[in-house]
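*Asks:* Would you mind keeping the following structure in view while I ask a few things?
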Amino acid sequence: MTATENKFRPGPILLMGAPGVGKGTQAKELMARWGVPQISTGDLLRGNVASSSRLGLQAKQLMDSGQLVPDHLVEQMVAQRLSEGDVTAGYLLDGFPRTLGQAEWLDRYLAGENAPASLAALEVEAGQSTRAGASLPLVAVSLRVEYTRLLRRITGRRICPRCGSIYNTYLQPPVRDGFCDLDGTPLQRRDDDSEVVFEDRMHAYETLTAPVVEHYRALGRLLEIDGEGSPETVTGRVEQVIQEARSQA
Ligand code: AMP
């Protein structure tokens, strides 16, 4: 079934988990299956760094050292992205929220309390909410993978800058070492995928993001999924639990 034939409306879905757990890979696959966008705050920030925007200049040093970008900057960026027209059937938030402050901001946003004035005006004009899946409760999916495997996933990760394909030098190497199988472009390693920065990113995850998982557990919105195994196996698990959760909503 193609994405356009598939009428499944997932509403707002959060993909959570430690660095390297496979959030981006899963988001890309689910995006293709359901025809809803992946909203990755890491990708949006890297886009800002690449274009040397004001936000990018503020974020680069923090990102390179594995620290989080301040909440208000990321929240502004997410609000802007969520005001675009492609989110009405749902979306996959990848890498956001990463702090309790961001989670509380998102709860308020989805409840309609802090939508930008321009978006609120648009909604009144259209007689409807443009906030994606506003009628569906948010579902938070937390993926779990064992520490040493996370380290291999991160330090072995290589990305094609042209088509976005993701490889792993240990687990899923390209046919020709260092080049994309699909378009032959030299693969790149993210600046923050070194072992040293991985430790800092794990520290940020454990201290700042793990409480977000507990926040959604307390709200009864958390689905925990085993992230070990092939990407296809994990996608099957994620798809199944989300569809079950939505059929009970
Ligand atoms: P990611 O691609 O999700 O691993 O994110 C890469 C880096 O971008 C992180 O290590 C942070 O520096 C920054 N970043 C991404 N998402 C957020 C967020 N929600 N809040 C703060 N910083 C973020």
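*Asks:* Enumerate the pairs (first residue in the stretch 47-75 and of a type in the set (K, R); second residue anywhere and not in a loop (DSSP other than H, G, I, E, B)) with beta-carbon separation below 6 Å, excluding pairs fewer than 6 apart on the same chain, so at least 6 apart or on different chains.
*Replies:* Close Cβ pairs satisfying both conditions: K60/V49.
*Asks:* Kindly establish whether R108 is touching a strand residue (DSSP E or B) at 6+ places or on another chain (Cβ under 6 Å), in a helix (DSSP H, G or I) and either modelled with pLDDT of 95 or more or more than 10 Å from the ligand (Cβ to nearest atom) (or both).
*Replies:* Working: touching a strand residue (DSSP E or B) at 6+ places or on another chain (Cβ under 6 Å): no; in a helix (DSSP H, G or I): yes; either modelled with pLDDT of 95 or more or more than 10 Å from the ligand (Cβ to nearest atom) (or both): yes.
The answer is no for R108.
*Asks:* Looking at (1) in a loop (DSSP other than H, G, I, E, B); (2) away from the ligand (no atom under 13 Å from the Cβ), find the lone condition where G20 falls short.
*Replies:* For G20, the exception is condition (2).
*Asks:* What are the pairs with Cβ atoms under 6 angstrom where one residue, in the stretch 76-100, is under 20 Å from R54 (Cβ atoms) and the other, located anywhere, is open to solvent by 10 Å² or more (accessible area, probe 1.4 Å)? Sequence gap at least six, or different chains.
*Replies:* That search, which allows pairs on different chains as well, returns M77/L44; A79/P116.
The values are calculated or read from the model by the stated rules, or taken from the named source; none is laboratory data. Because the structure is a prediction, the values reported are computed rather than measured. Neighbour counts run over all protein chains shown; Cβ positions are idealised from the backbone, glycine included. With ligands, DNA and RNA removed, areas are computed over all heavy atoms of the protein, side chains included. Shrake-Rupley method; radii C 1.70, N 1.55, O 1.52, S 1.80 Å.
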